[in-house]
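Chemist: Shown below is the structure under consideration.
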Amino acid sequence: MTLATALPARSTLVDRVVPRSLISDAALVIAGTALVAALAQVAIPLWPVPVTGQTLAVLLVGASLGAARGAASLGLYALLGAIGLPIYSDAASGWSVLVGPTGGYIIGFVLSAAIVGWAAERRWDRGWLKAAVTFIGGSLVVFAVGLPWLSYSLGGFGLPNDLQATLVAGFYPFIIGGLIKAAIAAALLPAIWKAVERNDRTEA
């Protein structure tokens, strides 16, 4: 029996290279949080929402870890940043960030990782087209949560918060970057899967 046949049908990429256990799951969740925190510091400062590498990390974490571990990893990221660890963009932290203009995006990361992970468990991360649909969808989930939150925050600052103003502040500047990040993830994950499966056949 090969590793490919021994694993459950809904295994994710990391399950092909890391034996599944509570300890490994915990370590992977923490590693996912660290990756998001690291790419959060790759940022172009904009107000109210900076351009960062976080979404790419969210997509990779969700697809690699699956729904439960991916959501847990991003939930841990949101929690640790809120209680004071400087892991949000530009080394920011605190509840004020989580309830501020970008808070909806951070919460959206959790839902995005869960949905992308759910799709990956059903093999949607193994071919370029399905992976692209998955990762673009995962990116849109972040905006679906982040934009209403941003609109409310803009209104709290006494700034225009109609649909157009909200899109200008929190969506339009990110379209090209979001597509690039989704394309990177959609190229990377299937390529890694092919390498892993090739190695399985060689060992068999």
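The values are calculated or read from the model by the stated rules, or taken from the named source; none is laboratory data. As the structure is a computational prediction, the values presented were derived from the model and not from experiment. Neighbour counts run over all protein chains shown; Cβ positions are idealised from the backbone, glycine included. For accessibility, only protein heavy atoms count, side chains too; no ligands or nucleic acids. Shrake-Rupley method; radii C 1.70, N 1.55, O 1.52, S 1.80 Å.
Chemist: Can you tell me which residues in segment 181-194 are of a type in the set (A, V, I, L, M, F, W, C) and open to solvent by less than 50 Å² (accessible area, probe 1.4 Å)?
Modeler: Result: Ala182, Ala183, Ala185, Ala186, Leu189, Trp193.
Chemist: Taking Ala27 and the conditions (1) open to solvent by 30 Å² or more (accessible area, probe 1.4 Å); (2) over 20 Å from Leu189 (Cα atoms); (3) touching a Ser or Thr at 6+ places or on another chain (Cβ under 8 Å), which numbered condition does it fall short on, given that it satisfies the others?
Modeler: Looking at each condition in turn, Ala27 falls short on (3).
Chemist: Would you be able to say whether some residue in segment 36-52 is surrounded by fewer than 17 Cβ atoms within 10 Å (Cβ to Cβ) and part of a helix (DSSP H, G or I)?
Modeler: yes
Chemist: While we're looking at this one, here's another question. Looking at segment 140-158, can you tell me whether even one residue there is assigned to a loop (DSSP other than H, G, I, E, B) and at negative phi?
Modeler: yes
Chemist: Scan segment 106-124 for residues that are under 14 Å from Val49 (Cβ atoms) and either over 15 Å from the mean Cα position of the chain (by Cα) or open to solvent by 20 Å² or more (accessible area, probe 1.4 Å) (or both) and jot them down.
Modeler: Taking segment 106-124 as the starting set, the residues that turn out to be under 14 Å from Val49 (Cβ atoms) are 106-109.
Within segment 106-124, Ile107 is the sole residue that qualifies.
Chemist: Okay, next question. Scan segment 134-156 residue by residue and report those that are without any contact (Cβ under 8 Å) to a residue 40 or more places away in the chain and either open to solvent by 80 Å² or more (accessible area, probe 1.4 Å) or of a type in the set (D, E, K, R) (or both).
Modeler: Across segment 134-156, the qualifying residues are Leu140, Tyr152.
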